[in-house]
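Notes follow once the structure below has been shown.
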Amino acid sequence: MTDGIHPDSFPPDVHVYSGHYHRPHTVKGTNIRYVGSPYQVSMSEGGEKKQLLILDKEWRVESTMDLDLGPRHYQLASTSPDIPANMRRGDRVRWTIPSSAPGPEVERIQQSLRNKGVNLEVVLQPNSSAVPRIEEAEQLGAIQLFEKYAEAKGMADAAKQKGINILKALESDGTQLGLLPTAVRFEHIEVEGFGPFKNACRYPLHKQGIRVISGQNLDDVSSESNGAGKSMLVTAPLWAVTGRLDARAEAASRGITNSDIVNDDCTTARARLQGQVNNQEFIIERSVRRRGRTSLVFQVDGQDITKADARLTQQEIDEFLGAEALCNAAFLGHGSVTALLEANDRLFKSELGKIVELDVWDSARGQSFSLLKDCKQELEQEIRVLSIHTATLERYSQQVDTVKTSAQAWQREKTEREKATEAQVEECARSLISMVEECESLREHLERWLDTVRKEVAKSAVPVSTMGSEAGVRQSSIDLQNEQEDNQSSMSVMSQATSLVESEACNEQWTMGMRESQHSESGDIPGMPSAMHQRLQREVEDLREKLQLAKLKEAELCGVVQASKKRLLSYQSLRNTGGANDALVCDQCLQPVKLEVYEDNLCRIEEDVRAQEKAVQHAVTKCRTISNALQSKESELLEEVRLREEQLERQRHEEGVKIARQREEASRQRELQARLEADRVREMERVSAQASLMAGGESCVEHLGAVISRLERRLHGRGRGSGAATTTIASGKPPNTMEAARAVIATVPKIIRRAEDAGDELRNAVQDLELVRAEQNPYSSEQDRLQEMVENQERDTAKSQEMVAERSRDVDVLTELDNAFNRGGVPSFVLEGALSDLQQRASAFLQDLAPGMSLELKAQTAGKAGKSSTDVVEKISKEICVRTSSGAIRPRSLRQLSGGEMRRLGLALALGFSELVAQRGRLRCNLIVLDEVLGQLDREGCSRVAHVLERLPHDCVLIVGQSGSFVTEVFDSVDWVVKQGGVARVDCSP
């Protein structure tokens, strides 16, 4: 026993009676009997019968007398409890009801009990935790658990299969589910030069029970216990294990470093912690010099497992002692006691992850996140390619639309010109037909006039007997024959004129001219200048050489740094060879080295190492910069090659189109030459006919003039003058005089010339019409070329869209998988069991610390306002309810709680977490430290905390409290940290 008197100290045959403990009982194997209290002192004694013992002269129990004194204690449960009928004023009732149960009936019962004078204590019990969505999730294998999660969430088959493949790969790599249990027992801590503890001070940490650590600062008249060093003493084990002083929020906020904890009169602060881990003895000794150099020694079962670097040694300690869970389970500081209560979802799940194995899910999430990142980069690349194809397609489409618009405008203009030319041809044809009709009318008039003249000549002929001579008869015959010949000549001339007019009306063909196009052989689309390509190649080669040189420089500097570090470690090892006169021995020359020289050399070597490390970092940065520039230039070179290939492809296409056009143009030229040759032959024939017609027309006019002259002479000789005929061409009747006939004949050349002019106009109009009709749309070939480019670009765009859609599906699958492996996915399902267990344990502590409060932990949170009630978020929520003075239960947020309420609620949750860590086998520690945790609690609060701490399984509970506070009054054992003359010491109570 550490306190009190051992039972063996009493004589075995003497009856011993004591009343210290409330519950009556007899110590097993002895005559020591505790009579208990005469009345029920606490709720734990509710229902017990109190008795008064009546002893005889031999101090034996002769009889007992039942006692019914003081307040009685009752515990009620449910919303409709059975209230004892004999309840009286002063009795105490603890009524446990669900936090969601209070209503009118409950308030009525509360008021009834208060009216009877009963001291009522209502304990709010949080609602029972929801049934985990996956039963016994922590006992399932990783793949089985993932399959159940995928089934519950309705994951896509692709995401489910990919997740299973990742987990199988992790299993093959040796990743397993489960944490190693750790049992830690601290035995004692020894500090020297640590804060106010200038001299070596050893403090036990094993089987100390509940002890209050208070202080007396005899050096400062303005304070009583502040600054004595009590917090430094209780956090020394934490500093020895982790190198941090996180138990005090003030230290963290001030940014205390290792060098700050060194005593003013010392150069080194040291802490030596001894204990056991899983029944293996361990020693951790951490020391730090004022300049910040840290020394760390770690021994297990007498074997030194200290590494060459303090960071590596720290990793060994963290893994061996379970330092992550130890910090929050064993050391509760002024600020850290409410850290879990105020933690957000990420931090809360991180703390629970120290209890439940989540490494396999973190590893899986790392792989899924890496895959998702790569897939997103591929998607972004495909999107950029698609945007290029889309922009190119849009540009080509705009060009096609522009060319199509121009082609349609040209076609409309051609149609208008064709219509105008056709109208001109029709007008010329009508004019020519009119002239032909006019010539035909003249011919008919002349024929009728000649018929009339012949008849008149026949009637006026003189018989032979009348003439009286044969010569007259012969002359008349000759005249008549000449007249007939003249008539035939006139008819022949008129017939030739009519034939000429008809030939001009029917011959409407014309000769088309050739349009020669010059196709330049140098019209290909030029590609990227070869000079740019060569320049980019030269720049890439230069950057590669620079990168190679920079990497060689980096490797050289790394070798120098490694050599310097080895030299530094070798020089540091000289300290172990030092003697009593502060002299060290050089390992090279075996000569003594003074400590001051050693320190200066050590500082210089360290500065050299730091400078070399900076040079290495600069070299690494330079390599990264050159590498980025090299990647950029290579991208430019690839882009230039791609553009060059596109231009060559477009050039080849245009050359093919050009060759096809040339062949088509050559065929058209041959057809045009044939047509021109035929037109030329026809033109020569027409010219020859026209010349013959003109010659015949002139001779016809001369013959007609001669015939008319002879007729006039003959008629005049017979007494028939020309004045008898006055009809003209305009009368529309045949001429009746010789002058009229001459006038008609005189108009024939004019009509012929007009017909020739009209024929020329008609021929030109027809030629123009044929030229208009033969014109080809100059935009057709360009439109065909652009349309082919659009079709090719549409195929490329469709392929890019398919790639983007495929990558988008992959991103969706990997996003769903990443969400499954994230803390809001499968780990959230795994943590549900631990969260429910933590709530039960925290609620048990909270019923003792603050019966009027309840805390409910939920793995899911309702969605934001405006969403359906079924929308939930995988986010841990903390719901707090408080019983008001009227008995009503009201929800509260953390901001609405007072300092004492916040401290009680945080302490209940922290103790529940510590108990859960031990219950899950993750970490069992014999020590728990409460560094100024009870500062904001009143006497009742401190008493309730003391009652809770008595039930803890820890054999050493250290509570830091101020001198003269409720903390030092409530607890029996108080150890004092006394600071006097700048030096602190510890006075332990027995």
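The values are calculated or read from the model by the stated rules, or taken from the named source; none is laboratory data. These figures come from a predicted structure and were not determined experimentally. Glycine also receives a Cβ, built like all others from the backbone with ideal geometry; neighbour counts cover every protein chain displayed. Protein only, heavy atoms only, side chains kept; ligands, DNA and RNA dropped before computing areas. Shrake-Rupley method; radii C 1.70, N 1.55, O 1.52, S 1.80 Å.
Details
- Residues of segment 839-850 include at least one that is among the polar types (S, T, N, Q), more than 30 Å from Ala391 (Cα to Cα) and surrounded by fewer than 18 Cβ atoms within 10 Å (Cβ to Cβ).
- Pairs where the first residue, in segment 620-645, is under 17 Å from Lys546 (Cβ atoms) and the second is open to solvent by 90 Å² or more (accessible area, probe 1.4 Å) and part of a helix (DSSP H, G or I), C-beta under 7 Å, 6+ apart: Cys623/Lys551; Ile626/Lys546; Leu630/Arg544
- From the list Pro102, Pro126, the one residue that fits, being out of contact with any Pro (no Cβ under 8 Å at 6 or more places or on another chain), farther than 30 Å from Val300 by Cα and modelled with pLDDT under 70, is Pro102.
- The lone criterion from (1) touching an Asp or Glu at 6+ places or on another chain (Cβ under 7 Å); (2) at pLDDT 65 or above left unmet by Phe146 is number (1).
Every residue, every condition in (1) among the hydrophobic types (A, V, I, L, M, F, W, C); (2) without any contact (Cβ under 8 Å) to a residue 24 or more places away in the chain; (3) within 20 Å of Phe845 (Cβ to Cβ), yes or no:
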site: Ser943; (1), (2), (3): no, no, yes
site: Val948; (1), (2), (3): yes, no, yes
site: Pro953; (1), (2), (3): no, no, yes
site: Val967; (1), (2), (3): yes, no, yes
site: Trp976; (1), (2), (3): yes, no, no
site: Gly981; (1), (2), (3): no, no, no
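- From the options Leu358, Leu326, Leu352, residue that is in contact (Cβ under 8 Å) with a residue 40 or more places away in the chain, buried (at least 19 other Cβ atoms within 10 Å of the Cβ) and in contact with a strand residue (DSSP E or B) (Cβ under 7 Å, 6 or more places away or on another chain): Leu326
- Hits in segment 561-572 (condition: within 13 Å of Ile605 (Cβ to Cβ) and either within 42 Å of the chain's Cα centre (by Cα) or in contact (Cβ under 8 Å) with a residue 60 or more places away in the chain (or both)): Val561, Leu569
- Test for Arg108: is it under 30 Å from Ser885 (Cβ atoms) and modelled with pLDDT of 85 or more: no
- Within segment 762-785, residues that are within 15 Å of Ala660 (Cβ to Cβ) reach partners that are open to solvent by less than 40 Å² (accessible area, probe 1.4 Å) and hydrophobic (A, V, I, L, M, F, W, C) with beta carbons closer than 8 Å, at six or more positions or on different chains, in the pairs Ser780/Ala407; Ser781/Val657; Glu782/Val403; Gln783/Val400; Gln783/Val403; Gln783/Ala407; Asp784/Val657; Arg785/Val657.
- Within segment 786-805, tally of residues that are touching a residue at least 24 places away in the same chain (Cβ under 8 Å) and not β-branched (Val, Ile, Thr): 10
- Complete set of residues in segment 646-657 that are within 30 Å of Arg544 (Cα to Cα) and hydrophobic (A, V, I, L, M, F, W, C): Leu648
- Flag for Ala339 being aliphatic (A, V, I, L, M) and open to solvent by less than 20 Å² (accessible area, probe 1.4 Å): no
- Those residues of segment 29-52 which are touching an Asp or Glu at 6+ places or on another chain (Cβ under 7 Å) and either open to solvent by 40 Å² or more (accessible area, probe 1.4 Å) or over 21 Å from Glu950 (Cβ atoms) (or both), in sequence order: Lys49, Gln51
Here's the yes/no breakdown for (1) of a type in the set (A, V, I, L, M, F, W, C); (2) part of a helix (DSSP H, G or I); (3) surrounded by fewer than 19 Cβ atoms within 10 Å (Cβ to Cβ); (4) modelled with pLDDT of 80 or more:
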| residue | (1), (2), (3), (4) |
| --- | --- |
| Lys867 | no, no, yes, no |
| Thr870 | no, no, yes, no |
| Lys875 | no, no, yes, yes |
| Val882 | yes, no, no, yes |
| Ser885 | no, no, yes, no |
| Arg890 | no, no, yes, yes |
| Glu901 | no, yes, no, yes |
| Arg904 | no, yes, no, yes |
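- Residue in segment 617-628 that is open to solvent by less than 40 Å² (accessible area, probe 1.4 Å), part of a helix (DSSP H, G or I) and among the small types (Gly, Ala, Ser) present: yes
- Of the residues making up segment 793-826, those that are over 23 Å from the mean Cα position of the chain (by Cα) and buried (at least 18 other Cβ atoms within 10 Å of the Cβ) are Gln793, Thr797.
- Hits in segment 642-665 - residues which are open to solvent by less than 70 Å² (accessible area, probe 1.4 Å), over 17 Å from Glu788 (Cβ atoms) and over 41 Å from the mean Cα position of the chain (by Cα): Gln662, Glu665
- Those residues of segment 950-977 which are within 52 Å of the chain's Cα centre (by Cα) and crowded, with 19+ Cβ neighbours inside 10 Å, in sequence order: His954, Cys956, Val957, Leu958, Ile959, Val960, Gly961
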